[in-house]
Structure formats: structure tokens, C-alpha cells
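**Q** The following block contains the structure, expressed as C-alpha cells.
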Amino acid sequence: MNASSSTTAIDSTLPFPISPCKVDEQVIADYQTNDHVLIPQPDNPNRLADLARWMPGVKPGQPAAGDLNPVVKWQLLAIERVKAWLWGLFGINLSRCYTMTNLTTQSRRRFLMNAGASALAIPTLTDALGRPIQSDSAQPGRKLGIALVGLGYYSKNLLAPALQQTTNCRLAGIVTGTPAKAEEWMKKYDIPKGNVYDYKNFDRIIDNKDIDVVYVVLPNSMHREFVVRAAQAGKHVICEKPMAITPADCQAMIDACKKADRQLAIGYRLHYEPFTQEVMRLGQQKVFGPVRFVEASDAFKIGDPTQWRLKKSMAGGGALMDVGIYAIQGARYVTGEEPISVTAQFSPKTDPQKFKDVEETLFWQFQFPSGAVSNSTTSYTAGVERLYASCQDGWFELSPAFGYGPLKGRTSKGPIEMPVVNHQAAHMDGVCKDLLAGNKLPNHVTGEEGLRDVKLLQAIYRAAETGRKIDLKG
Ligand code: NDP
């Protein structure tokens, strides 16, 4: 399998790399649940392609079928111009000023078609949520300012260095509870004092125009509070995995971002990683026939026995919450299906003192609607990192599959050759590209996806605790 044949086969316009039928349903559902007018931008092929898929009359680069109501057209033009001037000159944000209720004379579907056509002619400064954006498309080369919250291992060693390589975003601010780190980071990354916050004064970030996106990189139990506060401060949010420690927390985070009209992405870096995208394609497009069996495991040997990862109140659980989530994701994105049932087993603890609060090793099995099954291991005792799929007519695997790379892959027909990228830079650039363009983020990296995973994490614990098969169909 060489890089060029693989790359051309990927449908890069798909918001979620699964079957086109499912994509359409998701896109339609998303658009229908959004009460804002969606205006495709001329420079936004994904949005146009989405519209074209489910509205045959709308074709990228061509007017939609049916005449555009001239009153609506001039209304659109006037409102957008005024909004852009107010935003550009005075920073006045007229978000939500332009919703379906403003245009009661047209059906939603009809309006969307017309809006699609008009936008081909009228440059818009409205983002995917209907809010004026900061003229990003009118400022080529503008980078979104990211503030990292929590300057621990991942921020220090992966995210901050990656932000020196990104093209759509930059490290603009930090939020830390450790003053010495603030000093060090300000010097190292030339961060102005005004862009440095602690956990108490964090909410003042609302007034900071340098910060567009808040990236929450805290212990799991703190994700909810800081995502909600970031949204309330009017910032888009990226939140590390696992999204939170309970589904209720995840829902509160989704609701807060919706209420604030901000977008929420989860730190699912692998969704922007070429080897991972390739195995998604191989599995979901049944390149080797239907997937029958998946082996997805992620584990490592944990060090410091005092760290928050070993405290249930902060981590939500043990290895499963930390790296097991990658194995859940792997089984889901290779099959392109949601599991319908799960069984799980804890292994005996080899160090009951160290693992007194959380599990050490856990095994689980998913069943999928197609009949595919997966088996997974996660552990804090020894390493494994593998994603293997056995299909009707062959097999493919990544090993390593979930770490920072380079990932390595092969199939029953030969090696998988894909470009090696910096995962964190690709992830942040990918998210920010959509934010800059005013696109709705792809479903597979949003809070809803994070919630799906956290529900599965909980179901796995329930299955292991009860010894019963848990039905996930409800
Ligand atoms: P660390 O323990 O290294 O850092 C967490 C930071 O959070 C601390 O350094 C501290 O920063 C801040 N913090 C605030 N309150 C507390 C507290 N009570 N206890 C501990 N730390 C606190 O964790 P990681 O950076 O490894 O992980 C952070 C998040 O990122 C987790 O959700 C984890 O799952 C995720 N992660 C994701 C990875 C990925 O590949 N996507 C990889 C690694 C982690 P400060 O001193 O600045 O206040």
C-alpha cells in the first residue's frame, strides 16, 4: 500500500471518515439542530461539498436551483456588512443577530439553499454558529491565539513545542497555578504578562483579544470546571482526553459551549494523523472486506505512585481513563460502528498499595452491529500499543498505534506508507483551520464524541464490576 494510492482514496471532504450515507445523516442532523443560518463561504469547499451532498440544487461554485429572493439577498448583504463594520471598527459582536426567525417567509430548507447561492457572491464574516468572526478570512495568515491551561507534562513537552510549528494558531497565553512556571514560560515563549493567568483570575481572559482558544490540559476531574469557565469567557475550547470523568460532566461542558456559541474540541490528536486516517479508511471503506475482529490495546508502566493519575477522585479511574480510551477509539474508528454490548474483566492487582484507588489492568470486549468483535487490554503495569484488524479478505495493523509517533503500519498486502507528522501540531492546526474558516468542527473531534467515549468508559467499569454483559443499545 503506497502513500499516493492511499491518499487519493481518502475523501478529504468528509466531516467524519465513515460511509457517505452516515455522513449525510450526521451533516443534516447537525444543520437541522443548529438554529442559526449557515452560510457557506466561497473559500470553504467542505461546507459547499456538505451542502451539495444533501441539497442536489446546491453545487460548489454554482448558484443554487431556484431564484434567490432579492429582498433576502439584500437583507443578507446589508446585515453582514454592518456586522462586519461594527466588529472590525468597534469590536461589537452581534452574534445570533441573524437566525432563522429573522426570515420567517422562507422554509429553512429553502433559505439554506438561497443562502448557499448568495454566499457564493457575497463574502461573509459569519462563522459556523452564525456569529461574526474576527475577519479571519479577510486576514490571510492570521493565527488563532491559544492559551494552555495547566503547564504539566503534555503542555510543556508536546503542546508548547508543537505550537512553534503550527500555521493556524500560536501560543498566546498560559494559565498556571505555579508562579515559577509562569516566569519560565514568559521568557521562553515571549508571552506578555497580560496573557498570563492563574486559576483564580482565569475568568478575566474574557477581556483578552489575543486569546481565541483555551486548551484545557489539567487533571481529568478539572476539565469540566475550566471548559465551562472558558466558554463563559467567550472562548473556543480544546479539552484533553478523557473529556471528563462522568457523562454528566461532559453534558454540562457541551451545554456551556452551546450556550456561549463556542465550539468544543477534544484532544483527539490521532484523528489528524495520516496513519490513523489510513486505517480508518481501510476499515470503514472495507478495503479488505468487512472487519471481523479488532485487537486494540494501549498500556504503559506508570511511575510516581503519588501522582493524580492514581487517585480516583482526580483521574476518574486508572489505566482505562488514561490510555484505555485510545483502544476504545481504535475499535470504533476502524469499524466505523458503535458497540452494542460490552463485557470486561479486572486483572488481579500486582501492587495493591500503588493501585489501591484505581484499576491496574483491565480487559474488555465489544460487540458491533455488523457482527465484528473487539478485544482490548489496558494497563499501568507493562507496555502494549497495537491496533490490529482482521477482515474477510486480509488484515491491517498499526504498531505502535497510539503514541506520539512515528506510527508504523502494515497490511496483508504490504507496508502502510504515510507522511509522518507532529501529532499535536496537526491536531491544533486542524481544529484552528476550521475555527478560522467558520466551519463547524467535524463530529468525530467534538464534545459529543468525547461524551460517547466517557459513556463507554463507564460501561466498561460497570461490566467489570458486575461481571455481566452490558447492553449498549439503549
Ligand atoms: P501533569 O500531571 O503532567 O500536569 C497537569 C498540570 O495540571 C500540572 O502540572 C499543574 O499545572 C496543573 N494542575 C492544577 N491542579 C492540579 C492538581 N491538583 N494536581 C495536579 N496537577 C494540577 O498531567 P499531563 O500533562 O500528563 O495530563 C494533563 C491532561 O492531558 C490529562 O487529562 C491527560 O489525560 C491529558 N494528556 C493527553 C495526552 C494526549 O496524548 N492527548 C498525553 C498526556 C496527557 P500548573 O503547575 O501549571 O498549575
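Laboratory data are not the source of any read-out in this text; all were calculated from the coordinates shown. Because the structure is a prediction, the values reported are computed rather than measured. Every residue, glycine among them, receives a Cβ derived from its backbone with ideal geometry; neighbour counts consider all protein chains shown.
**Q** What ranking do Asp304, Asp249 get, fewest neighbouring Cβ atoms within 10 angstrom at the top? Intermediate values should be presented prior to the final figure.
**A** Numbers: Asp304 9, Asp249 22.
Sorted ascending by nearby Cβ count, the order is Asp304, Asp249.
**Q** Using 0.36 nm times the number of residues separating Lys311 and Asp198, minus their current alpha carbon distance, what extension gain do you get?
**A** Full extension of this stretch gives 38.3 nm more.
**Q** Then there's this: What list of ³J(HN,Hα) values in whole Hz, one per residue of the range 366-378 in order, does the Karplus curve 6.51 cos²θ - 1.76 cosθ + 1.60 (θ = phi - 60°) give from phi, with Gly and Pro shown as x?
**A** 9, 10, 10, x, 6, x, 5, 10, 10, 10, 9, 10, 9
**Q** If you don't mind, another one. Treat the count of other C-beta atoms within 10 Å as a stand-in for reagent exposure and order Leu457, Leu435 from fewest to most.
**A** Values: Leu457 22, Leu435 25.
The order, fewest Cβ neighbours first, is Leu457, Leu435.
**Q** Now for a separate question. Determine by what factor the alpha-carbon radius of gyration of the range 368-473 differs from 2.2 N^0.38 Å, reporting the quotient. Write down the numbers at each step before the final one.
**A** Details: Rg = 17.4 Å, N = 106, 2.2 N^0.38 = 12.9 Å.
Against the compact-globule rule of thumb, the ratio is 1.34.
**Q** Cβ under 15 Å from Asp190's Cβ, Asp190 left aside: what net charge do those residues give with Lys, Arg +1 and Asp, Glu -1? Spell out each step's value before the answer.
**A** On the way: positive: Lys143, Arg170, Lys187, Lys188, Lys193; negative: Glu183, Glu184, Asp210.
Neighbourhood net charge equals +2.
**Q** Then there is this: Net charge near Asp393, counting Lys/Arg +1 and Asp/Glu -1 over other residues with Cβ under 13 Å of its Cβ?
**A** Neighbourhood net charge equals +3.
**Q** May I ask you to derive the FRET efficiency for Lys259 and Gln392 from their Cβ-Cβ distance with R0 = 41 Å, giving the value to the nearest 0.05?
**A** Once rounded, the FRET efficiency stands at 0.35.
**Q** Could you grab the relative contact order for the range 144-269? Cα pairs under 8 Å, six or more apart, rounded to a whole percent.
**A** Relative contact order here is 23 percent.
**Q** Now for a different question. Taking 0.36 nm per intervening residue step and subtracting the Cα-Cα distance, what contour gain separates Ile206 from Thr167 on full extension? Can you show the working numbers first?
**A** Working: separation 39, 0.36 × 39 = 14.04 nm, distance 2.42 nm.
Full extension of this stretch gives 11.6 nm more.
**Q** Between Gln232 and Arg410, take the C-beta separation as r, use R0 = 60 Å, and let me know the FRET efficiency to the nearest 0.05.
**A** The value I calculate is 0.80.
**Q** Same structure again: Residue by residue, what Karplus-based ³J(HN,Hα) values in Hz, rounded to whole numbers, does the range 331-348 have, using 6.51, -1.76 and 1.60 with θ = phi - 60° and x for Gly and Pro?
**A** Each residue's phi maps through the Karplus curve to give 5, 6, 7, 6, 7, x, 10, 9, x, 9, 7, 9, 10, 7, 9, 7, 8, x Hz.
**Q** Local charge sum around Glu295 (other residues, Cβ-Cβ under 11 Å, Lys/Arg +1, Asp/Glu -1)?
**A** Value of the local net charge: 0.
**Q** Which ordering of Val431, Val216, Val384 is given by a fewest-first count of other beta-carbon atoms within 10 Å?
**A** Values: Val431 30, Val216 25, Val384 19.
Fewest-to-most Cβ neighbours within 10 Å comes out as Val384, Val216, Val431.
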